[in-house]
Each structure stands twice: as C-alpha cells, then as structure tokens.
Amino acid sequence: MTTQFVERSDATQRIQAMAATAAAELLQAYGVTLSPAAEGWVETDELLYSGVMGFVGDRVRGTCLLAAPKDTILSTAPADARPRDWVGELANQLVGRLKSKLMQHGVTIGVSTPVVLSGVKLSPLPRSDVAPSVFETPTGRLLVWLEVEVDPEFTLGSLRPLMAAEGEFLAF
Amino acid sequence: MKKVLVVDDSETIRLEVGRNLGHAGFSVIEARDGQEGLNMAGRHADLSLIVLDVNMPVMNGLDMLDRLKGDTATQPIPVLLLTTEAQDSLIERAKKAGAKGWLIKPVKPEILLMAAQKLAR
C-alpha cells in the first residue's frame, strides 16, 4: 500500500524546531555559538554556500537546507577545508543529528547524500507557513530550512534513548 | 608504521582524520567511496585499520564492510565506522558483519586516536 503524504504545519514546526536545535548543537561542537536572529532571512550580496539533503521514511519525508556565507561555513571547519566540501558535510551531520532526534521519538528515516550549491541573493520560498530558522553567528547569518510531508496520522512517540550519541565510541 | 585506510566522501573529513592519525605515527591512505575503498583494501593487504563512513555515493560503508568481510584477503582487517548515523539497527548490522567499533561525528581527535590505537592490528 502506498502512503499518502500531506503537509501539516504542526508536524513541520516540530521537526523544524528539532533541526534548529540540532544545528545549534552541531555548530557548538565546532566552537561556534548560534543565537536566533531578531528578524528573518535577508537577501545578501555575499556569496552563500548551501548544503541540501533529502530524507525519507515510512511516515515522514522532506528536504533540509543549510546555508551561510563562506566565512561562516569555514569558521566551523578544520584547517584547509574547502567550502564546497565542508557545507555538504555540515548538512550531512545536521541531518544525521535530526535523524537521531526523530529516532528518539520512534521515527526512522533514511538520508540521501548532500547536494551543494552557491550563489548570491539566495532566499527561501517555503511552501508552508512555517518559517525557516535563521541564526546569527559572529561571522554571518545561517539558515536552516526544512520542507516536510508526513503521513496524515503522523505523531512523535515518547522519548527513548539511543544506543550511542554524537562523539561517542562504541567498541564491539 | 601502521597503515590506515580512511574512506569518506568528504575531503575535509579525510584530511582531518589523516592529519590526526598521521601526527600519531600512522601512515594514511584515502578513498572517496566504498567502491574505491574496496579496491584499495584489495591492493593493500598490510592495512592495520580501515576508518569507514556509512553514507557515501557509489557504495555505502555497510555494503563495503560486507564485501570486506566476505573476502578472505580483507576479512582480518579491523574496521571502525566513523559516521553521522546513530541508528541502532545500523550499528547492530555493522557489529554482526564484523566491524570492531562505531564512532559518531563530530568526534574529538583524542577519541578518534584512542579508538584507532585500540583497534589497529
């Protein structure tokens, strides 16, 4: 039987909030503190780098985009990183964290490999009424934007722990 | 000198892992996906460890792990998964397939080094 997916603002808001938390945790792990921007995304002439990842599961599917100026992307990167590669890896790690958060609520997704684009005056055009998350960093703004569709009966289960967390080593 | 193969589609991750392990005295070679990693493992029977990402184009890390463990030449090489994945079923699959450890990105250099030193043959 094929699942019919729908847009639901309440579900998108919950998952967008999880992604925003995941982004703050991820960048903190690389030494960059995010704070919510006072206003939404503003078009800029700066060159922006964006990493885009798709995800799909039995009950939810969507796309996640992370975008920021080159200096902001590189402020989180190890030495000698190239922005094209690192923004894809950051998007990958962001969606990995989002996946972990969803799994803690009983929702399993698979993820794609990242697609990367760059450009100026990039601006999100959301389908739904859920605004993307915009953060301030010391070097520029960072955008985390999700488009999400869910099973009409979609709910998040109660919180349960996972076998492992970010940064941990499991020896078999 | 112990030789490590780092398999990851991110050049930055390969550089960073290689730099950290290189400073600790490991010799490091790299591959960009599971297929390239499999080919390199076949050509380097003296590998002490493979550090392997999961989510990669062409061939993912778990499929590469299955292929490594199905070949008598590469079966003994210890494998450490280094990935964004924390899905219990994937961790269990890797464990059953014969991996020796699982690290979730981002990882501190000292944790990576401790894991590599523990698992390298």
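Coordinate-derived values only; no laboratory data. Keep in mind it's a predicted model, so treat the numbers as computed, not measured. Here the Cβ is made from the backbone with ideal geometry for all residues, glycine too, and neighbour counts use every protein chain on show.
Relative contact order of region A:1-70: what whole-number percent is it, with Cα pairs under 8 angstrom and at least 6 residues apart?
Computed over region A:1-70, the figure is 25 percent.
For B:Ala73 and B:Glu110, what is the calculated FRET efficiency with R₀ set at 25 Å and r taken between the beta-carbons, to the nearest 0.05? Before the final figure, lay out each step's value.
Numbers: r = 32 Å, r/R0 = 1.30.
In this case the efficiency is close to 0.15.
Can you give the angle from 0 to 90° between the axis of helix A:9-29 and the longest principal axis of chain A, with both taken from C-alpha atoms, to the nearest 10?
It works out to around 50 degrees.
For chain A, what is the mean residue ellipticity at 222 nm derived from helices alone (per DSSP H run of n ≥ 4: -39500 (n - 2.57); sum divided by total residues; nearest 500 deg cm²/dmol)?
Working: 3 runs with 48 residues, N = 172.
For chain A, the value works out to -9500 deg cm²/dmol.
Mind giving me the FRET efficiency for B:Lys96 and A:Asp58? R0 is 25 Å, r the Cβ-Cβ distance, nearest 0.05 is fine.
0.60
Below 8 Å, C-alpha to C-alpha, sequence gap of six or more: please give me the relative contact order for chain B in percent.
Answer for chain B is 24 percent.
Are any of the pairs B:Lys2/B:Lys95; A:Lys101/B:Lys69; B:Lys2/B:Lys69; A:Lys99/B:Lys96; A:Lys70/B:Lys69 more than 29 Å apart by Cα-Cα distance, and if so, which?
Check vs 29 Å cut-off fails for A:Lys101/B:Lys69; A:Lys70/B:Lys69.
Let me check against my output: what whole-number percent is the relative contact order of chain A, with C-alpha pairs under 8 Å and at least 6 apart?
On the way: 323 pairs, mean separation 61.7, N = 172.
It comes to 36 percent, rounded to a whole number.
Assuming a ≥ b ≥ c are the square roots of the Cα gyration tensor eigenvalues, decide whether region A:92-172 counts as rounded (a/c under 1.5), prolate (otherwise, with a/b larger than b/c) or oblate.
Since a/c reaches 1.5 but b/c is at least a/b, the shape of region A:92-172 is classed as oblate.
All other residues with a Cβ under 9 Å from the Cβ of A:Arg59 taken together, and with Lys, Arg as +1 and Asp, Glu as -1, what is their net charge? Walk me through the numbers before you get to the answer.
Values: positive: A:Arg61; negative: A:Asp58, A:Asp151, A:Glu153.
Within the 9 Å Cβ shell, the charges total -2.
Compute the acute angle (0 to 90°) between the alpha-carbon long axis of helix A:83-103 and the principal axis of greatest extent of the alpha-carbon atoms of chain A; round to the nearest 10°.
The helix A:83-103 is inclined about 30 degrees to chain A.
For peptide A:158-171, compute the average count of partner chain beta-carbon atoms within 10 Å of each residue's beta-carbon.
6
Can you tally the net charge around A:Ser9? Count Lys and Arg as +1, Asp and Glu as -1, for every other residue whose Cβ sits under 13 Å from the Cβ of A:Ser9.
So the environment of A:Ser9 carries a net charge of -2.
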